[in-house]
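Colleague: Let me begin by handing over the structure; questions about it come next.
What follows draws every value from the coordinates through simple rules; no lab data is involved. Since we're looking at a predicted model, the values are computed, not measured. Because the Cβ atoms are built from the backbone with ideal geometry, glycine has one as well, and the counts that use them run over all protein chains shown.
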Amino acid sequence: MNQQILDDLIGAPPPSTVDVDAIIVRQRRRQRVQRLTAGGSAAAGVVLAVVLAFGMAGGPRRPDGTPPATTPPGPSPSATPVATGFRLETGTKAGRERTLQRLRLALESALAEHAPRAKWIYMPDVPGEKRTPDGRPTMWISENPVFFEGRSGISADRVKGGFYLRVRPTECQIGLSCSQAVTCDDISSGCSEGRTPGGLAVVRWTETSDTGSGPPYKSYNVQVVLRGGAYTATLESVNVFGGDSSPIRASAPPLTRTELERMAADVAERITG
Amino acid sequence: MRRSEEDEFRSFVGVRMERWRRAAYLLCHDWHLADDLVAVVVGKLYRHWRRVSGADNPDAYAQRVLTTAWLDERRRPWRREHPAGVLPDAGRSEPDRAGDRDKLIRLLAGLAPRQRAVVVLRFYLDHSVEETAELLGISTGTVKSQSARGLETLRALAYSSGSHE
């Protein structure tokens, strides 16, 4: 009875925009990329092993049998390569993939620099999925319109929570969803506006809601309008460890407002347009 | 995925597509977002199809993914979607149903996200109290208490619209 009543009340739905064929094509492509990446990692591992073995054996010898000159020890390189200034390339698949990797590097380096006490941890997405290793946010590209997203668990001082990144266009295209830049007029309280050190417009806000039992849901959010104004980057740290339906245990998100804002400014200012 | 598996996947999805779209619409009240959520479900099902098709209850798996996708979406700051320009046809219904539909939407909008999920799982997708509790990871007592208000309102709607049993 209930289902019939609800169906009657919903009325006739509009035509579906879910394109199963396109989803299958995207998923196949994604699986191919994952296989290639896995293969590439394995190949890189072999190369690394060879290089290490070679190095441990003393490296190449000069024709006269003496070992090569060594350079004096210097500062060791950073564990995470730093993404320097880059553009959001959305026109080609290769450009989008490049942008995604640069965003990932920018995000990883921002966390290491501005919240060194925190680390990326695996956060479940769907029940029963295969666990992926800790240490990297999950990043992906959405199409129509093109935008870049990331999600991960964050652990800091024994507090676990969720982290989300979205770099989305501000201009809405006909018939497509979009996210216009948020202003404090859209948010009832706990919001402030400002500028990054480099002069980009920033909105910061906090969302809370009672969950009925246990600590309330709480999220810190920072949105930066990127150079040129066509995209925004939004970072969120939330006390919900998403995807596994576990109850909220932490009273606050794992990253502080200050850490999140510094990360957002750092990532946003690396994007040159 | 083998051809036969893909055919099985397409069939599974095709049969359930409209039900998922409607359930997603009840959760989010936005056909754009409803279709986005269903697309998430279809993508995840495809990725995990071998495990899903071998599960005892693939429907429950799909509905859990749908509900989780929506709850996940609710947590994000960019959930304030702004559909732009010309929107697709918003669907057709009898004029005298519009008021009831608005009432239903107001009822659902007045519920917290998890309460709304309880109502949709219990009264639209016909899950038991235990199944709903398991799908949402909450206690059966919570499901019962959160169902009560929804059921009462649905009954009132049924009575007012003359479609009661």
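Colleague: Over all residues in B:120-130, what is the mean tally of Cβ atoms on other chains that come within 10 Å of each residue's Cβ?
Modeller: Taking all residues of B:120-130 together, the mean is 2.
Colleague: Still on this model: Using every alpha carbon pair in the stretch B:1-61, what percent of pairs falls into each 10 Å bin from 0 up to the bin containing the largest distance?
Modeller: It works out to 23, 51, 23, 3, in whole percents.
Colleague: Under 5 Å between amide H atoms, partner at least 5 residues away or on a different chain: which partners does A:Glu89 have, H built in plane at 1.01 Å?
Modeller: Residues meeting the amide H criterion: A:Thr99.
Colleague: Still on this model: Taking 7 Å along the Cα-to-C-beta vector as the label spot, tell me the A:Gln4-B:Ala55 distance in nanometres, rounded to one decimal.
Modeller: Distance between label points: 3.0 nm.
Colleague: Highest mean first, what order results for A:150-158, A:15-23, A:91-99 on Cβ atoms within 10 Å?
Modeller: My ranking of the peptides, most packed first, is A:150-158, A:15-23, A:91-99.
Colleague: Moving on. Note down the nm distance, to one decimal, between modelled labels 7 Å out along Cα→Cβ at A:Thr138 and at A:Thr272.
Modeller: Each label point is offset 7 Å from its Cα along the Cβ direction, giving 3.3 nm.
Colleague: For the pair B:Arg10 and A:Arg249, what calculated FRET efficiency results from E = 1/(1 + (r/R0)^6), where r is the Cβ-Cβ distance and R0 = 35 Å, to the nearest 0.05?
Modeller: Working: r = 41 Å, r/R0 = 1.17.
Computed FRET efficiency for A:Arg249 and B:Arg10: 0.30.
Colleague: For A:Ala12 and A:Arg28, compute 0.36 nm times the residue count separating them, minus their Cα-Cα distance, and round to one decimal in nm.
Modeller: 2.5 nm
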